[in-house]
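The values are calculated or read from the model by the stated rules, or taken from the named source; none is laboratory data. Because the structure is a prediction, the values reported are computed rather than measured. Every residue, glycine among them, receives a Cβ derived from its backbone with ideal geometry; neighbour counts consider all protein chains shown. Quick note on the areas: whole protein, heavy atoms, side chains included, nothing else; ligands and nucleic acids left out. Shrake-Rupley method; radii C 1.70, N 1.55, O 1.52, S 1.80 Å.
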Amino acid sequence: SQQGEEDPQALSIQEGENATMNCSYKTSINNLQWYRQNSGRGLVHLILIRSNEREKHSGRLRVTLDTSKKSSSLLITASRAADTASYFCATDESASGGSYIPTFGRGTSLIVHP
Amino acid sequence: DTGVSQNPRHKITKRGQNVTFRCDPISEHNRLYWYRQTLGQGPEFLTYFQNEAQLEKSRLLSDRFSAERPKGSFSTLEIQRTEQGDSAMYLCASSRGQGVLKPFFGQGTRLTVV
């Protein structure tokens, strides 16, 4: 099952603009993470936000978390062509054996035009 | 820290053949995950090891799939009697056993079944 759902599925912007993508999830979480994936490559961890945090920054990245709405957003400011990639949110979902497993959404495909 | 290593990077096989993939996690990471990712989708959880114990298996992991982590270090994922629907990217990730789950991903093995 896929816990998180990103929105929009695709986003196309010009270099220098900000990019905002959203993630909604279904059950309560301990933390939420955002990953980036360049075409055909593995996933790179960007940022983790805990359930008791509301906002977190890392360089040009800003993540917010609203546990009452079960949603998170990732903002990339002053985007660059090199930011072109797919972005995924992952939440820790309880699996059948009781372990918490990072569970991913379908992702947002971001294209930044130079 | 050399990161998570997966081999091979690409595999093309004929339908009905068996294939085996290998994952070498980051040393001192005792948690290891396998995911499958198809085009346009997020990674889907397959199975999870803590040390050598396989603690979780997804319903996606049919009887044709088997994973091992014999000494709690590297892991193998075998697919028997491959089908065209098995074509996907197979991703391995590892994380520490304490604290917040924060998996680090390998570059993946892309399987094409013809």
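Hand me the list of strands (runs of 3 or more DSSP E) wholly inside the stretch B:1-93 holding 2 or more residues that are in contact (Cβ under 8 Å) with a residue 24 or more places away in the chain and of a type in the set (A, V, I, L, M). Reasoning before the result, please.
Numbers: elements: B:5-7, B:10-13, B:19-24, B:31-37, B:44-50, B:53-57, B:65-68, B:75-79.
The strands (runs of 3 or more DSSP E) meeting that bar are B:75-79.
In the set B:SER75, B:SER62, B:SER87, which member is open to solvent by less than 10 Å² (accessible area, probe 1.4 Å) and either among the polar types (S, T, N, Q) or within 12 Å of chain A (Cβ to nearest Cβ) (or both)?
Values: B:SER62 fails: open to solvent by less than 10 Å² (accessible area, probe 1.4 Å); B:SER87 fails: open to solvent by less than 10 Å² (accessible area, probe 1.4 Å).
Only one candidate qualifies: B:SER75.
Would a scan of the stretch A:5-22 turn up a residue that is surrounded by fewer than 15 Cβ atoms within 10 Å (Cβ to Cβ), at negative phi and in contact with a Pro (Cβ under 9 Å, 6 or more places away or on another chain)?
Looking through the stretch A:5-22, at least one residue is surrounded by fewer than 15 Cβ atoms within 10 Å (Cβ to Cβ), at negative phi and in contact with a Pro (Cβ under 9 Å, 6 or more places away or on another chain).
Has the stretch A:82-105 got at least one residue that is under 24 Å from A:GLU15 (Cα atoms), open to solvent by less than 40 Å² (accessible area, probe 1.4 Å) and assigned to a helix (DSSP H, G or I)? Can you show your working first?
If we filter the stretch A:82-105 for residues that are under 24 Å from A:GLU15 (Cα atoms), which is where we start, we get A:82-89.
Those left that are additionally open to solvent by less than 40 Å² (accessible area, probe 1.4 Å): A:83, A:85-89.
If we keep only those that are assigned to a helix (DSSP H, G or I) as well, we get A:83.
Among the residues of the stretch A:82-105, at least one is under 24 Å from A:GLU15 (Cα atoms), open to solvent by less than 40 Å² (accessible area, probe 1.4 Å) and assigned to a helix (DSSP H, G or I), which makes the answer yes.
Residues in the stretch A:36-50 that are touching a residue at least 12 places away in the same chain (Cβ under 8 Å), surrounded by 12 or more Cβ atoms within 10 Å (Cβ to Cβ), closer than 25 Å to B:THR38 by Cα and not β-branched (Val, Ile, Thr): how many?
Initially, the stretch A:36-50 is screened for residues touching a residue at least 12 places away in the same chain (Cβ under 8 Å), giving A:36-39, A:43, A:45-50.
Next, from what is left, pick out any that are surrounded by 12 or more Cβ atoms within 10 Å (Cβ to Cβ): A:36-38, A:43, A:45-50.
Pick out the ones that are also closer than 25 Å to B:THR38 by Cα and you get A:36-38, A:43, A:45-48.
Now drop any that are not not β-branched (Val, Ile, Thr), which leaves A:36-38, A:43, A:45-46, A:48.
So the count comes out to 7.
Which of the residues spanning the stretch B:32-58 are at the interface with chain A (Cβ under 9 Å from one of its Cβ atoms) and either loosely packed, with under 13 Cβ neighbours inside 10 Å or among the charged types (D, E, K, R) (or both)?
Within the stretch B:32-58, the subset at the interface with chain A (Cβ under 9 Å from one of its Cβ atoms) is B:33, B:35, B:37, B:40-45, B:48, B:50, B:55-58.
Those that are at the interface with chain A (Cβ under 9 Å from one of its Cβ atoms) and either loosely packed, with under 13 Cβ neighbours inside 10 Å or among the charged types (D, E, K, R) (or both): B:GLY40, B:GLU44, B:GLU56, B:LYS57.
Looking only at the stretch A:73-114, which residues are in contact with a helix residue (DSSP H, G or I) (Cβ under 7 Å, 6 or more places away or on another chain) and either at pLDDT below 95 or hydroxyl-bearing (Ser, Thr, Tyr) (or both)?
A:PRO114
Please work out which one of (1) more than 9 Å from chain B (Cβ to nearest Cβ); (2) open to solvent by less than 40 Å² (accessible area, probe 1.4 Å) is the condition A:GLN33 fails and give its number.
(1)
Does any residue of the stretch A:83-94 turn out to be of a type in the set (Asp, Glu) and either on the phi > 0 side of the Ramachandran plot or touching a Gly at 6+ places or on another chain (Cβ under 8 Å) (or both)?
To start, the set of residues in the stretch A:83-94 that are of a type in the set (Asp, Glu) comprises A:83, A:92-93.
In the following step, the residues that additionally are either on the phi > 0 side of the Ramachandran plot or touching a Gly at 6+ places or on another chain (Cβ under 8 Å) (or both) were identified as none.
The answer is no, given that none of the residues of the stretch A:83-94 is of a type in the set (Asp, Glu) and either on the phi > 0 side of the Ramachandran plot or touching a Gly at 6+ places or on another chain (Cβ under 8 Å) (or both).
Being away from chain B (no Cβ under 14 Å), touching a Lys or Arg at 6+ places or on another chain (Cβ under 7 Å) and either open to solvent by 60 Å² or more (accessible area, probe 1.4 Å) or of a type in the set (Ser, Thr, Tyr) (or both): is that true of A:THR77 here? Outline the logic, then answer.
Working: away from chain B (no Cβ under 14 Å): yes; touching a Lys or Arg at 6+ places or on another chain (Cβ under 7 Å): yes; either open to solvent by 60 Å² or more (accessible area, probe 1.4 Å) or of a type in the set (Ser, Thr, Tyr) (or both): yes.
Judged against the criteria, A:THR77 is a match.
Here are some conditions: (1) charged (D, E, K, R); (2) within 14 Å of chain B (Cβ to nearest Cβ); (3) buried (at least 16 other Cβ atoms within 10 Å of the Cβ). A:GLU53 meets all but one. Which one does it not meet?
Going through (1) charged (D, E, K, R); (2) within 14 Å of chain B (Cβ to nearest Cβ); (3) buried (at least 16 other Cβ atoms within 10 Å of the Cβ) one by one, A:GLU53 breaks only (3).
Which one of these is within 14 Å of another protein chain (Cβ to nearest Cβ) and of a type in the set (Ser, Thr, Tyr): A:SER71, A:SER58?
On the way: A:SER71 fails: within 14 Å of another protein chain (Cβ to nearest Cβ).
Result of the check over A:SER71, A:SER58: A:SER58.
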